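To keep things clear, I will list the structure first and then write my remarks on it.
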Amino acid sequence: METDPPPLDNARAEDWRKALAKVVPAVVVLRTTATRAFDTEAAGASYATGFVVDKERGILLTNRHVIKPGPIVAEAMFVNREEISVFPLYRDPVHDFGFLWYDPKAVQFMEYEAIPLAPEAAAVGLEIRVVGNDSGEKVSILAGTLARMDRDAPQYKKDGYNDFNTFYIQAASGTKGGSSGSPVIDNNGRAVALNAGSKSTSASAFFLPLERVVRALKFLQDKKDSCQDGWEPVTIPRGSLQMTFSHKGFDEIRRLGLKRDTEKLIREASPTAETGMLVVESLVPGGPAHKLLEPGDVLLRANGEVVTQFLSFEILLDDNVGETLNLELDRGGATVQVALQVQDLHSITPSVFLEVSGGVIHALSYQQARNFHFSCGLVYVAEPGYMLSRAGVPKHAIIKKMAGEEITNLDKFVSVFFSLSPGDRVPLEFVSHADRHRSKSVLVTIDRHEWYALPQLYSRNDATGLWDVCPAEPKGKPLVQTSHEDMELESLSVPVGVPEAASLNEVHKIMPSTSSSMAEHAIEPTLVMMEVHVPPSAMLDGVHAQHFFGTGVIVHHSQDLGLVAVDKNTVAIAVSDVMLSFAAFPMEVSAEVVFLHPVHNFALVAYNPATLGTAGSAAVHAADLVPDPPVRRGDSVYLVGLSRSLQATSRKSIVTNPGAALNVGAADCPRYRSMNMEVIELDTDFGHTFSGVLADDLGRVKALWGSFSTHLKYGDSSPEDHQFVRGIPVYAISEVLGMIIKGNTGPPLLINGVKWSMPLMPILEAELYPTLLSKARSFGLSDRWVEALAKKDPVRRQVLRVKGCLAGSRAASTLEQGDMLLAISGQPITCFRDVEIACQSQNFTSSVSDHTQDGKTPNVLQVTVFRQGHEMEVEVGIDIRDGFGTRRMVNWAGCVLQDPHSAVRALGFLPQEGHGVYVARWCHGSPAHRYGLYALQWIVEVNGMPTPDLQAFIDVTQELDHCAFVRVKTIHLNGKPRVLTVKQDLHYWPTWELHLDPTMGAWRRRVLKAHKK
């Protein structure tokens, strides 16, 4: 409780008006973007407040949690909406304040004066105003009265930034988000404190005292005066013993064992208002005070002086960096004296980090060491990124070992990392603060592909406010680069428990058959468990997750090529890392996605059989695909698949529907959905997550039992992903496989060092659905056609109708919604397979020309349709698609751009300005995040220049400079246009592309434009 409060301030309203008129022009709205996760902070964009404390030198004051410890980009906006760039100048390692600098000449239209700092004016009962950007408002002025000067520092997060070893000021002003960094002013227009936080459950606000802020500002001003141009790094002495004090009242101090005689001496040597003493609360392992002091120790004297306040002790630390500090403490009634060397606080505050595979790794900071009770300087994972998260390493992990080497610091990690080759799989040991007493060991795969840039080191430059970037290559040890063909061999794991020279009989001894089913016994050697990872940097085509599991079946196994078929809910896009685990041989092998069927729900991935060795190649074999005769209702089939433990599981089931028309609704975020497919349904299965194959009694594969994904909404809840499984007849897989093995005139693709011709697929790009002939008759379909269609398919008795055409397709110009497709080239059609056969029977060309050699129009179907009560003949164009999927993407300003994929075009809409470039994703902390350039829209113009495709977009943006504001016109999926501005940041977010090079069988990453210093 405070004693002798000063008289309440009776300032008139006119005094406040004058004070606010002077203060408000100097208060700015800060828009900050943390471009990378670092230390306690995640990447992201936010609003806050700052204010000018030195107009001549261009210095702004705000909170440390606003400036953040890592790289940021920030702008300040004055009350007249004049915006300038600001740069970090200093962040205090512990206390919640920091400074930004700006060029005073950049402010051309605003008259303002710096706000003076007056920490001595803060007192209980003082009326104050908090001026800032509260709850996102441009200017907000909140009134309050200082109620406490000795509040404990607020605790924000257990694993984030917290201030400590200081008192805070409390008032009931009710500040909210955005007001961080606001000046707390008195009626004379002086800042008496700095707004830092608030309590969401009450109207309490917490203010930081300004005594140490004034000291730091004086160092900055002196340094600026000694510099002719710009800024130079400023050293502000800050000392630490790596321990946390708490201030406790004398009543609790006595309970800790303090004798009354000692208390009397302390009270007599302290100010009259003193009510307590400093008590050791926690110690950081490995710090100067570790094992010398204990929690509960009561501080009596430091260097012979009685110290009971945080500020007094901090002054001693800051004035004695590198020197010895003699402490006298009371421990349970006994006096303890220790001599401790004061450590430089900046030396345990990281200023360098490694960015590798989208992850951020750096030395463990004092802040997090205190939170997690670890030693400072350990290798800390601020953001796991792709490589580490793929292995299961979480955020906030401490890396202890890698590839058998002790990892003691960041330099050691870099050295070990660069001794490895792309594709290597090595053990990594880490500790999590949530389970600190047990180390975990995982396998980390060094990136084989070019999904990310090579590792880079970022170093803080206090002179510029930026973080300088350089390649992270240890001296004399560049990263081992290998060819794509070599990577196939080098990245494979050694067989577990089976020597290379093992015979097939020995392998069978290790993996005995446990099933009496002939079908299961025949199918088991053809099955593989697939683990698929999608890099976050290239989540194309609306893929909805980064990690997939599923069962695939080997459909081809020869000396130089192995192919596995799997559903597209397991392998969704080509930009994937695939690992195969064979049921017949204990080995993991990497694989590449080589074919994605544009319609059917299956993909083909390729592996190198040579990596299995003699024994493995003999144990593994391809399944016998038998598409004919197709299964019928009532047939018995064996459903065979793998459990997660690679145990074959099977059951006999009955086919209930051999040709069920699939109907999968569109997701909110467009992604691949199966359409125009007829699937097989069974009476019983193993649940919606079990995949495998359907086989007959002899183990011949009749269908792929694959997984499908859809979006379902229950009541008023938000849509949820739902998985289900159905049988996919193998005829499509068999046809594609035959075209690959026999070779055709399709596009070439290098697989395992051999060039293969990949098939082109003629497709009618229209979504169809079946309608019963009884319904069609009601729409006016003639008896003649009803009889003809019923004769063609007496079981299903249906006709196909057009639900919609894919935007930009050739069919879209001819077919209309609701059309009934009666015949193609005079032959009645009743199912999706009929349409598919008709498309394949055409002598299509890979590019559309006027006529073929025989004089016929190429890639065109002669279709008889029933439209609005009339029969008519129309020519419907078919589109030719390859199986590569999306082959190119561009990352600009932190958003992932691609050509509109089929799921987007299936919505039936493309901008009139052209296909545009489609925004598939955006990255946290990027300009796209800061300015709201989010996904699910097209970019159709940049600075008034049309961008109908990716190449046009690249050509336009190549002319834009670093930090240039760009006017972007977008059109949302709902057709709504919008114009926004984006400030290009080529320093932290260079423009780069990822494209498939079929001639090399690899994805290539290329930087298109970066900031040149």
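The values are calculated or read from the model by the stated rules, or taken from the named source; none is laboratory data. A quick note: this is a predicted structure, and the numbers were derived from the prediction, not measured. For neighbour counting, all protein chains shown are included, and Cβ atoms are generated from backbone atoms with ideal geometry for every residue, glycine included. Each accessible area value is taken on the protein alone, full model and side chains, heavy atoms only, with ligands, DNA and RNA left out. Shrake-Rupley method; radii C 1.70, N 1.55, O 1.52, S 1.80 Å.
Worth pointing out:
- Counting all C-alpha pairs of the range 639-730, share separated by more than 20 Å (%): 41 percent
- Candidate aspartates and glutamates - alpha carbon under 13 Å from K791, same-chain residues fewer than 8 apart omitted: D783
- Where GluC sites (Glu not before Pro) in DSSP loops with at most 11 other Cβ within 10 Å are excluded, longest remaining stretch of the chain: 501-958
- Cα shape, the range 25-64, gyration tensor, a/c 1.5 rule: prolate
- Relative packing of 153-165, 372-384, 890-902, which averages over residues the other C-beta atoms within 10 Å, highest first: 890-902, 372-384, 153-165
- Listed residue (L292, T272, L194) projecting farthest to the positive dipole end of the range 166-292, Cβ model: L292
- Across K138/K223; K983/K1009; K713/K803; K157/K224, pairs whose alpha-carbon gap is larger than 26 Å: K138/K223; K157/K224
- Across the range 857-1000, the volume of the C-alpha convex hull divided among the residues equals 156 Å³ per residue.
- Cut-off 20 Å (backbone N to label point 7 Å along Cα→Cβ of V338), residues of the range 364-388: 366-377
- Computed over the range 1-150, Kirkwood Rh from alpha-carbon pairs, angstrom: 16.7 Å
- The chain shape via C-alpha gyration tensor axes, a/c threshold 1.5: prolate
- Along the range 104-116 the Karplus relation, 6.51 cos²θ - 1.76 cosθ + 1.60 evaluated at θ = phi - 60°, assigns HN-Hα couplings of x, 6, 6, 8, 10, 10, 10, 9, 8, 10, 5, 8, x Hz to successive residues, with x for each Gly and Pro.
- Spacing of the modelled spin labels on D635 and T649, each 7 Å from Cα toward Cβ, amounts to 2.5 nm.
- Computed over the alpha-carbon pairs of the range 903-950, the distance histogram in 5 Å steps reads 5, 20, 25, 24, 17, 8, 1 percent, short to long.
- Residues whose amide H lies under 5 Å from that of V336, counting only those 5 or more places away or on a different chain, are L329, D330, R331; hydrogens are built 1.01 Å from N in the peptide plane.
- Computed from the Cβ-Cβ distance with R0 of 51 Å, the FRET efficiency linking Q840 to D961 stands at 0.50.
- Within the range 691-819, the proportion of C-alpha pairs whose separation exceeds 26 Å stands at 55%.
- The helix-only estimate of mean residue ellipticity at 222 nm for the chain, built from DSSP H runs of length n ≥ 4 each weighted as -39500 (n - 2.57), is -4500 deg cm²/dmol after division by the residue total.
- Principal axis analysis of the Cα atoms in the range 550-593 yields extents of 26, 20, 15 Å, listed in decreasing size.
- Calculated on the alpha-carbon coordinates, the convex hull of the range 79-221 measures out at 127 cubic angstrom per residue.
- Karplus 3J(HN,Hα) series, Hz, for the range 51-61 with 6.51 cos²θ - 1.76 cosθ + 1.60 (x for Gly, Pro): 8, 6, 10, 8, 6, 5, 8, x, 10, 10, 10
- Candidate aspartates and glutamates for bridging to K412, where Cα separation is under 13 Å - those fewer than 8 sequence places away on the same chain excluded: E473
- Average accessible surface for the range 191-291: 47 Å² per residue, computed with a 1.4 Å probe over protein heavy atoms with every protein chain in place.
- Considering only the range 617-769, percent of DSSP beta bridges that pair antiparallel, nearest 5: 95 percent
- Placing one equal scatterer on every Cα of the range 582-684 and applying the Debye formula, the log10 ratio I(q)/I(0) at q = 0.24 Å⁻¹ is -1.27.
- Residues of type lysines that K158 reaches as a straight line, Cα spacing below 28 Å, ignoring anything fewer than 8 places off in the same chain: K68, K176, K199, K248, K291, K395, K400, K401, K440
- In a simple Cβ point-charge model (Lys, Arg +1; Asp, Glu -1; nothing else charged), the range 713-816 has a dipole of about 420 debye relative to its Cα centre.
- Per-residue packing, averaged as other Cβ atoms within 10 Å, sorts the ranges 229-236, 757-764 into the order 757-764, 229-236, beginning with the highest.
- A simple count of charges around D318, restricted to other residues whose Cβ falls under 10 Å of its Cβ and scoring Lys, Arg +1 and Asp, Glu -1, yields +1.
- Label-to-label distance, R700 versus S282, with points set 7 angstrom from Cα along the beta-carbon direction: 6.9 nm.
- Overall form of the range 321-422 per C-alpha gyration tensor (a/c, 1.5; a/b vs b/c): prolate
- Each of I680, N663, V640 was placed along the dipole of the range 625-693 (beta-carbon charges, centred on the mean Cα), and the one lying farthest toward the positive end is V640.
- What the range 507-633 shows is 31 Å² of accessible area per residue, with the surface traced by a 1.4 Å probe over protein heavy atoms.
- Dipole moment magnitude, nearest 20 debye, the chain about Cα centre, only Lys, Arg, Asp, Glu C-beta charged: 1220 debye
- Segment Q951-V1007, extension gain: residue separation times 0.36 nm, minus the distance between their alpha carbons: 18.7 nm
- Solvent-accessible area, 1.4 Å probe, carbon plus sulfur percent, for the chain: 50 percent
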